[in-house]
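**Student:** Please see the structure below; I have some questions.
Please treat every number below as a calculation from the coordinates, not as lab data. Predicted, not measured: the structure shown is a model, and the values here were computed from it. Because the Cβ atoms are built from the backbone with ideal geometry, glycine has one as well, and the counts that use them run over all protein chains shown.
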Amino acid sequence: MTGVPAAAGRARSPKFSERVVKKSPDPLRAYLILMRLHAPTGVVLYLLPGLWSVSLASGRRPDLVPVVLLALAAVLVRGASCAVNDVIDRDIDALVARTASRPVVAGTISVRNALLFSAAQAVASLLILALVNWETALVVGASYPLLVAYPYMKRVFPWPTAWLALVINVYALAGWTAVTGSFDFPAAVIGLYACGFFWTLFHDTVYSHQDKEYDRRIGVKSSALMFGRASKAWLAVFIVLSVAGALWAGAETETGWAFSVLVACAGLLLSYLTVRVNLDDPKSCWDTFVANRYFGWIILAAAIAGQFT
C-alpha cells in the first residue's frame, strides 16, 4: 500500500499525478511525496472496496456525496499511514535502493514533522467521514492503531501481508456504514471484505517480490520470502478465494447475471497477470502490482451492472 516505484530502467511518460508533484514548490513537494500522491495506486486499492459496498448498499441510485467524501478521506488515511510507515521504517528504508530517497530517510522532512503531518491527515480524514455519519468515522478510526502497528509486523510476524489485508479492507465496512449508518454488517459485506482481503494478499505478495533480496539480507519478513518458489501457486489460491468472496456478496444481494460475468472476467485478469509476471524482476512485479488495480474497477463495474440485469 505504501510503496513507490523505482525510477531506474523505466522508459515511460510521467503520469498526471507525478507531473503535478514534480512541478510543485520544493517544500510542498516533499510532503506530497511523503503521502505518495505521485503514486496513487495505493489510494485506489484502499478506496475500491469501499466503493463496492456503497454500490451494493445503495442499489440503483447511489448518493455521490458519500462517494466523494470517502475518496477524500482515503487519500488522507493513506497519506497518514505512509508518513507513519516511513518514520518507523526509516532505518530499513535507508538500506533498500527503492526506498532510500523517501523524504524522512533523505532528511527532507524531520521525524517530528512527519508525525505531525500524519496526525493532521488522520484527524482531517475522520472529520470528513463524520460529514457522512459518525458510524463511518468510528469504523475507520478504529483501524488507526492497526495501521500504526503494520510496519512492526515485518519484524515480528512471518506474514505481514495478512495483517495489511485485515486492516486496509476496513473500507469495505466503511462503505456500508456510509450508506446505511449501521454496524449491522450482513453476509454481503463479509463477502466483499473477503474479496478485498484475498485481493490484498494477491497484490501485496507480488509487491513484496520487488525487495525480497533486500528483505532477506536485512532480516525482515515478507510474503515473498515465506512463499518462495510456491508464490504463484499461492497467488492462484488467492484469486479463487477473492472471486468466491465477490460471488458470495453478489448472491446475498441478488444481483443480476452481469455481476457474475464481470467478476469472472476480473478473476481471469488476475490469472493472466499471474502467468505473465516474472517474480524475479522488480519492474515486472511493479507493473503487475499497478495493473492489478483493474481487478478492483471491474468488481465495481460488476456491482453497478448487477443492479440493472
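**Student:** For segment 266-282, name all the residues that are of a type in the set (A, V, I, L, M, F, W, C) and under 21 Å from the mean Cα position of the chain (by Cα).
**Tutor:** Listed by number, the residues that qualify are ALA266, LEU268, LEU269, LEU270, LEU273, VAL277, LEU279.
**Student:** Return the residue satisfying two criteria in turn: it lies in segment 109-119 and is part of a helix (DSSP H, G or I) and without any contact (Cβ under 8 Å) to a residue 24 or more places away in the chain, and of such residues it is surrounded by the fewest Cβ atoms within 10 Å (Cβ to Cβ). Before you say what the answer is, go through the steps one by one.
**Tutor:** Initial filter on segment 109-119 (part of a helix (DSSP H, G or I)): 111-119.
Still in the list and also without any contact (Cβ under 8 Å) to a residue 24 or more places away in the chain: 112-113, 116.
Working: ARG112: 9, ASN113: 16, LEU116: 13.
Per the criteria, the residue is ARG112.
**Student:** Which of the residues spanning segment 157-176 are in contact (Cβ under 8 Å) with a residue 60 or more places away in the chain and assigned to a helix (DSSP H, G or I)?
**Tutor:** Looking only at segment 157-176, we keep the residues that are in contact (Cβ under 8 Å) with a residue 60 or more places away in the chain, and these are 157-161, 164, 168-169, 171-176.
Of everything in segment 157-176, those that are in contact (Cβ under 8 Å) with a residue 60 or more places away in the chain and assigned to a helix (DSSP H, G or I) turn out to be PRO160, THR161, LEU164, ILE168, TYR171, ALA172, LEU173, ALA174, GLY175, TRP176.
**Student:** Select, from VAL77, VAL148, VAL105, the only residue that is more than 18 Å from the chain's Cα centre (by Cα), at negative phi and not hydroxyl-bearing (Ser, Thr, Tyr). Reasoning before the result, please.
**Tutor:** Values: VAL77 fails: more than 18 Å from the chain's Cα centre (by Cα); VAL148 fails: more than 18 Å from the chain's Cα centre (by Cα).
Exactly one of VAL77, VAL148, VAL105 is more than 18 Å from the chain's Cα centre (by Cα), at negative phi and not hydroxyl-bearing (Ser, Thr, Tyr), namely VAL105.
**Student:** Considering only segment 195-211, I want to know if a residue exists there that is in contact with a Pro (Cβ under 7 Å, 6 or more places away or on another chain) and under 24 Å from LEU268 (Cβ atoms).
**Tutor:** Of all residues in segment 195-211, those in contact with a Pro (Cβ under 7 Å, 6 or more places away or on another chain) come to 196, 210.
In the following step, the residues that additionally are under 24 Å from LEU268 (Cβ atoms) were identified as 196.
Scanning segment 195-211, I find at least one residue that is in contact with a Pro (Cβ under 7 Å, 6 or more places away or on another chain) and under 24 Å from LEU268 (Cβ atoms), so the answer is yes.
**Student:** Can you tell me which residue within segment 34-88, out of those that are charged (D, E, K, R) and over 22 Å from SER24 (Cα atoms), is surrounded by the most Cβ atoms within 10 Å (Cβ to Cβ)?
**Tutor:** ASP63
**Student:** Checking the structure you have, find out if any residue of segment 269-278 is touching a residue at least 40 places away in the same chain (Cβ under 8 Å), within 29 Å of GLU135 (Cβ to Cβ) and either surrounded by fewer than 23 Cβ atoms within 10 Å (Cβ to Cβ) or not acidic (Asp, Glu) (or both).
**Tutor:** no
**Student:** Tell me the residue from ALA224, ALA251, ALA258, ALA301 that is buried (at least 23 other Cβ atoms within 10 Å of the Cβ) and in a helix (DSSP H, G or I), please.
**Tutor:** Residue meeting the stated conditions: ALA224.
**Student:** Among the candidates VAL44, VAL77, VAL96, which residue alone is outside any helix (DSSP H, G or I), among the aliphatic types (A, V, I, L, M), within 23 Å of PHE202 (Cα to Cα) and in contact (Cβ under 8 Å) with a residue 40 or more places away in the chain?
**Tutor:** VAL96
**Student:** Criterion first (closer than 18 Å to LEU164 by Cα, in contact (Cβ under 8 Å) with a residue 60 or more places away in the chain, assigned to a helix (DSSP H, G or I) and β-branched (Val, Ile, Thr)) does VAL54 satisfy it?
**Tutor:** no
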